[in-house]
Each structure stands twice: as C-alpha cells, then as structure tokens.
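Asks: Take a look at the following structure, please.
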Amino acid sequence: MPKSDDLKRARLLVEMARVAEQQEETAKALGLYDDALAEFSADSLDPFLPDVLRWKGTLLRERGETDAAFRCYTQSLEKAAAIGSAGAQAHALNCLGTIAQRRCDHKETERLYSQASELAAKAADSRLLGMIEQNRGVLANMRGDFAQAAAFYTNSLSAFEMAGDAEPMSWVLNNLGILHTKIKNFNEAREHLKRGLAIAVTRSDAIVENVIMLNLADVWVGLGRLDMADECCEQALEQARRRGDHLTAANALKIRAAIERQVGALDKSIATLRIAIFEAEGAEDRLLHAEMLRELGEISRAVGNAGAARSALREAVDSYQHVGASQEIAEVEAELDSLAD
C-alpha cells in the first residue's frame, strides 16, 4: 500500500489529469497519469491503482493508441484480481471488451462483456451494467441487428435517466444517433445527437462533444446539407488535432473526402483520403479501415477508374466481412454489381 502522503499526491494528480482531459490537453493528462502511477510501488495493491490504470488506458484508446490502451487495461485487470475487487475487475473487462470490439474479435468481445456483466451484478454496480448494455448495443449495431441494438440502448438510457447520470446519457444518445443514421432515419438521428451534444457542452466534455459533432456531420451528409457537414468536420478535426487524437482526425478526414467527392473536387478528395489513411495507421480500427476502402472505391468510380473502384470495393467487402457488418456488405456488393453492368 502507498503511504498516506503518496496516495494523496496520486489522487491530486489524477484530479488534475481529468481536468486536463476536459480541456483537451491530452499530452498533459497522460503525463499526469504517469506521475500518479509513479506514486505506487510495483507490488502495490491499493484499490485506487486499477482505476488510474484504466483511466489512462481509456485516454490512450480515444487517441487511437489501441495497443497501449490494451496494456493499461490488462494491468488494471491484473491488479483488480489481486486485490479481489469484483467491481474493478468488471470495469477492466468491459474496457478490454471495447478493445476486442475495435479489433473485430467478436467472440472475445462477447466473452469479455458477459464476464464483466456477471461481476458488475455481483458488485451491484448498476451504472456499469448500463455501460456494458450500451457496449453490447454497439456490437449489435455493427452486425446490423438494429432491433437488438435499439433495445440495448433504450434499456441503458432509461437506467441512466432514472439515475440522473448525465455523462453516460450523452454516450447512449450518441450511439442512438449512429443507429438511426445507419437506418437512414436522419431527423431522429439529429435529435438524439443534438440532445447528447447539449449534455456534453453543459458538462464541458470536449471529447464527447467532438465525437458527437463528427456523427452530426454524417447526418448532415445524409440530409444533403454538405455545408453543415463540412462545418462539423472542421470543428471535429480542429479539436482532434489539438488533442493529438489521430483516430477522430482520420474519421473527420474520411467524411470530408466524401463531401469533396460529392461536390466534384476529386483531386482534393483523393488527397484528403490519403491523409486520413495516414492518420489511422496503427489504430487497429478495422471498421474505419473498411469505410476508407469503400470511400476509395467511390472516389475511383467518380474519376472513371472502374478497375480501381472494383478493387477497392472488393477489399472493403472483405474488411466488412471481418467486422461482421452485414448491412455495409450488402450495400457495397450492390455497388460492385452496378459496376459490372
């Protein structure tokens, strides 16, 4: 166990790190988390240690540093198990589930969420159970099981609303926005996202605000409001680059490339997508990789290179199959059929 003064310093450093995160000072936050972790000995079994490791891991995950996040979550789980804390183990397993999900290891994702759910129930942690339910909704949405995803999200949102817990409410509303965008119910998607955005702004939660702005860009594209979509992309991209968040930057650039393609700026679109691919390097986000291949196919088609379009779209289908994204597979296969005509 750390000495009392060491633990006080660790808690103060973590509080400072959380504030730095909200202010989008990511590098500063990571440094503060490292300083806090240095207050613990290598064999420490203090109950606060698994939390610090997990929070650092989540910041790394949001920056697109997937492997580094995985290592933090694994260490958090190991410490939680050594301490014997069911709640801390459940949190770490839930976070490891998000990494397995990003890597598209669906069997491992299901196992981790199931184990996390059992331990969260044992710890009587209703907030965490709601978070796991939400994550299961994300997985169902990815697979194209929209009814199941909606049920997971609705249950999760109801629990957080009853508890008056605004932070996770903003997460669920964001995911409901993504769900309705996928089924092309753009007006409802916009309402969910605007509600989530209002919560994030009220809480000064810049990271969630950034993510929701990017998903609003997708909605505006669907509604044909490319000017509004580009404004959202610009804001999300500026915030992501300020934080050093390569994954969100790549997503913003992918959407901007699609906007440029739709307005006929094909050379700019190709250049933007190349930067997006560079930004996403090392993030291990296979869904984003599939989406960028699809956009490459769309751009190639727009410039009249049917061969390159077919090649990129076939690769996109392969990537979507690995992810298990059934709706996207069907859509891209239809595009390939139209190219064959």
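Asks: May I ask you to compute the full-extension gain from Val303 to Gln23, defined as 0.36 nm times their residue separation minus their alpha-carbon distance, rounded to one decimal in nm?
Replies: Working: separation 280, 0.36 × 280 = 100.80 nm, distance 4.17 nm.
96.6 nm is the gain from fully extending Val303 to Gln23.
Asks: Let me ask something else. Starting from the Cα of Lys8, draw a straight line to each of the aspartates and glutamates and keep only those under 16 Å, dropping any in the same chain fewer than 8 residues away.
Replies: Asp34, Asp35, Glu39, Asp46, Asp51
Asks: Follow-up question, since we're still on this one. Given a Förster radius of 30 Å and the C-beta distance between Ala166 and Arg71 as r, what FRET efficiency does 1/(1 + (r/R0)^6) yield to the nearest 0.05?
Replies: Numbers: r = 31 Å, r/R0 = 1.03.
After rounding to 0.05, the efficiency reads 0.45.
Asks: I'd like the projected area of the stretch 143-204, averaged over all directions, using the convex hull of its alpha carbons. Report it in nm² with one decimal.
Replies: Details: hull surface 16.0 nm².
The orientation-averaged projected area of the Cα hull of the stretch 143-204 comes to 4.0 nm².
Asks: Hey, another quick one. Determine ³J(HN,Hα), in whole Hz, for all residues of the stretch 224-235 in sequence, where each value follows from phi through the Karplus function 6.51 cos²θ - 1.76 cosθ + 1.60 and θ = phi - 60°; x replaces Gly and Pro.
Replies: x, 9, 5, 5, 5, 4, 5, 4, 4, 4, 4, 5
Asks: Can I ask one more? Stokes-Einstein at 25 °C, 0.890 mPa s, Kirkwood radius from Cα pairs: D for the stretch 45-112 in µm² s⁻¹?
Replies: Details: Rh = 11.6 Å.
Translational D for this selection: 212 µm²/s.
Asks: Moving on. For a quick check of your reading of the filter: which trypsin sites (Lys or Arg not before Pro) in the stretch 133-188 sit in a DSSP loop and have no more than 15 other Cβ atoms within 10 Å?
Replies: Numbers: sites: Arg136, Arg143, Lys182, Lys184; in loops: Lys184.
Answer in residue order: Lys184.
Asks: Moving on to the next point. When the dipole is taken about the Cα centre of the stretch 227-341, and only Lys, Arg (+1) and Asp, Glu (-1) are charged at their Cβ, what size is it in debye, to the nearest 20?
Replies: On the way: 13 positive and 23 negative charges, 64 e Å.
Result for the stretch 227-341 is approximately 300 debye, rounded to the nearest 20.
Asks: What does the charge count around His91 come to, taking other residues whose C-beta lies under 15 Å from its C-beta (Lys +1, Arg +1, Asp -1, Glu -1)?
Replies: Details: positive: Arg54, Lys56, Arg61, Lys79, Lys122, Arg127; negative: Asp51, Glu78, Glu118, Asp125, Glu133, Glu167.
Charge balance near His91 sits at 0.
Asks: If I build a Gaussian network model for the chain, linking alpha-carbon pairs within less than 10 angstrom, which residue out of Gly304, Gly324, Gly196 has the largest mean-square fluctuation?
Replies: Gly304
Asks: Lys and Arg at +1, Asp and Glu at -1: add these up for the other residues within a Cβ distance under 10 Å of Thr248 and post the number.
Replies: Working: positive: Arg63, Arg241, Arg243; negative: Glu62, Asp245, Glu279.
Neighbour charge sum, excluding Thr248 itself: 0.
Asks: Starting from the Cα gyration tensor of the stretch 210-283, take the square roots of the eigenvalues, sort them a ≥ b ≥ c, and report rounded, prolate or oblate (rounded when a/c is under 1.5, otherwise prolate if a/b is larger than b/c, else oblate).
Replies: On the way: a/c = 2.19, a/b = 1.19, b/c = 1.83.
Oblate is the answer for the stretch 210-283, as a/c is 1.5 or above yet b/c matches or exceeds a/b.
Readers should treat all values here as calculations from the given coordinates under stated rules, not as data from a laboratory. Worth saying up front: this structure is predicted, and the values here are computed from it rather than measured. Every residue, glycine as well, gets a Cβ built from its backbone with ideal geometry; the counts of neighbours run over all protein chains shown.
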